[in-house]
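Below is one structure, written out as structure tokens; the observations come after it.
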Amino acid sequence: MEFEFVCGCCGAECVAFAERGGFWNNRFYLDTFWCWNCGEENTTPPGPWTPAYED
Ligand SMILES: [Zn+2]
């Protein structure tokens, strides 16, 4: 599932894919994402995250 994150360096909105996992398969795992705009590697913030789209 993809989530929206805001780059802490330049403020651009980034979309990153997080793996689903955990006992109930309802947790998402993503440690870092790369900003498409400035190339900075960001640590994902604490949840809840914003889904990139509804499905
Ligand atoms: Zn950036």
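Please determine whether any residue of the stretch 6-16 is away from the ligand (no atom under 13 Å from the Cβ) and not aliphatic (A, V, I, L, M). No. Kindly provide the set of residues from the stretch 7-36 that are surrounded by 14 or more Cβ atoms within 10 Å (Cβ to Cβ) and part of a strand (DSSP E or B), ordered by number. Correct list: CYS14, VAL15, ALA16, PHE28, PHE33.
Laboratory data are not the source of any read-out in this text; all were calculated from the coordinates shown. These numbers were taken from a predicted model, which means no experiment stands behind them. Positions of Cβ are backbone-derived with ideal geometry, glycine not excepted, and every protein chain shown enters the neighbour counts.
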